[in-house]
Structures are given as structure tokens and as C-alpha cells.
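All remarks here apply to the structure that follows.
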Amino acid sequence: MAGAVVNALAGAFWDARNAGRRLLAASGLLEVRCPGCGLVIPRPERGRFCPACSADLARRESGYCPSCGEPFEDAASPPHPCGACLRQPPPWDRLVFHGAYEGLLAEMLKAYKFGRALGRGGELGRMLAETWLARAGEEHPPDVLAPVPLHPRRLLWRGYNQSLELARPVARRLGAPLEADLLERVRHTTPQVELARARRLTNLKGAFRADAERTRGRRVLLVDDVSTTCATLVECARTLRRAGPRGATCWCWPARGASGRTR
């Protein structure tokens, strides 16, 4: 109950704040600044970033595994499955991600997740929505979006679920419902960022529970913010699979340089 209240209050606050800022900007009473570098820019007709930041935040179109998102050293190579995914495919139907965890994208995510820069969530979420439409289009529209959940103790400590706030603008853009409690975190665990790779792979076993009645027969789009070992996505996807969805699509920003060999 406490977690649901925190999520609802956070969502209402940031929706109202962003709407107010858009109104002020449209009226000319608020300067339009690039959310990446803070540079004052002319009132934009397209996009929200200055040209330099837009180039830094361009979608990664090559040099990655389309199954798990593992970025390759050769960024120009065509997308192709990595060895781990060929040996054992991941437990999801599709993975869509925006780019490698580096440069401005990494800075924005760090500020958003660890620096409480919640204003970044709207911009990052809109980028995710555009990436989904560019790569997946209308071929397999999700029936419902589900963010990777936080344990109630962690949610009360942080004050917001970063994956849920990213998912809000995505759900609005795709016109799909967002159900924050479709997937529940039932076991408090050490944060993945504090663990070595070997521990990350086992840390989340049995940590999630899915609502089988609401999941069965639906195509679920699972939203996360960053993935390094893919351990969180794997455990969430397996939990959803056991609940009987029509399809499970994982969405994340994988970190460059960390292996996706978790399965």
C-alpha cells in the first residue's frame, strides 16, 4: 500500500510540473534550454536537445546483439546475435534499447537515478518511446507496460521508482495502459550496482512475483532503465513467463563493457 501511494504521488507531481513548464515555455515566459547541456536554444520545432547533444544521444543502429543488447567493440558491424544468445536464447521475444551506457546518455541516467534529477525522466522516457516506434513500429504493440519494481523498503528510501517514471511517457506515447503492480518485488535484495558480476546473477532469484490473472494472455512490455549483466531482466522475464503472458518484451539501456552472458 505504501509503495502504491508513493508511486501515485510521484507521478501526479511530475505530470503537473512538466505540464506547467511546457505552458510557460509556449507562452515565452520560460527560456527553452537543452536538457542535456543547459544551453539556451531557440524555441524548438522538433526535438528538445541542441544539435550537439542530439548527435551524442543518437540511437545505436549497429554493433550490438539484438537479443540481449550487448554492445560490440566494432560499433559499425551489423547487428547480430552474440555467442551466449545463440547457445541459450533469452526469455523474451524482443529487446529494444536506445544506446550504450556512455557519454551524455550515461550522465543523464546517473543524474536521474542517483542524483534525484527527476526532470530527466520525461526526456529519457520520450526518447525510449521514439526508439520503440522506430524499431518495433506497430508490428507487435504491447497490451500493457510493466516497470521493473522496487521493493517497498527501497522505494521508501529513494522516493520514486525510476523505471516506473520512465515508463509513464512511454505508455502515453504508445497508448497502452501502465500497471505499476503487475510485477511485484517480494524479497529485499542488495542493490545490483553494489555486487560483483557473479553475485548479480544469483542475487535476484525468487525476488519477483507476477499477477497471473492480469498477466495471462497479454503481451507485456517490461521497462527498465539500465542493464549490465541482464540479470534483472532475465529474472523478471522468467517470472512473467511463468504467469502465462502472450509475449514478454524487455526494454532497457544496456551498459557498454559489461557482459550479457547471464543465462
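Readers should treat all values here as calculations from the given coordinates under stated rules, not as data from a laboratory. Note that the structure is a prediction, hence the values are computed from the model and not measured. Note: ideal-geometry Cβ built from the backbone for every residue, glycine included; neighbour counts use all protein chains shown.
Brief remarks on what is shown
- Order of S163, S77 under a 10 Å beta carbon neighbour criterion, fewest first: S77, S163
- With neighbour counts taken as other beta-carbon atoms within 10 Å, the residues H188, H151, H98 rank, fewest first, as H188, H151, H98.
- Rg [Å, one decimal], Dmax [Å, integer] - the stretch 85-251, C-alpha atoms: 15.0, 42
- Charge dipole (the stretch 85-251, unit charges on Cβ, about Cα centre) - positive-most of T189, L105, S227: T189
- Selected from G137, A117, W92, residue furthest toward positive end of dipole (the stretch 55-194; charges at beta carbon): A117
- In nm, spacing of pseudo-spin labels at D143 and R214 (7 Å Cα→C-beta vector): 1.4
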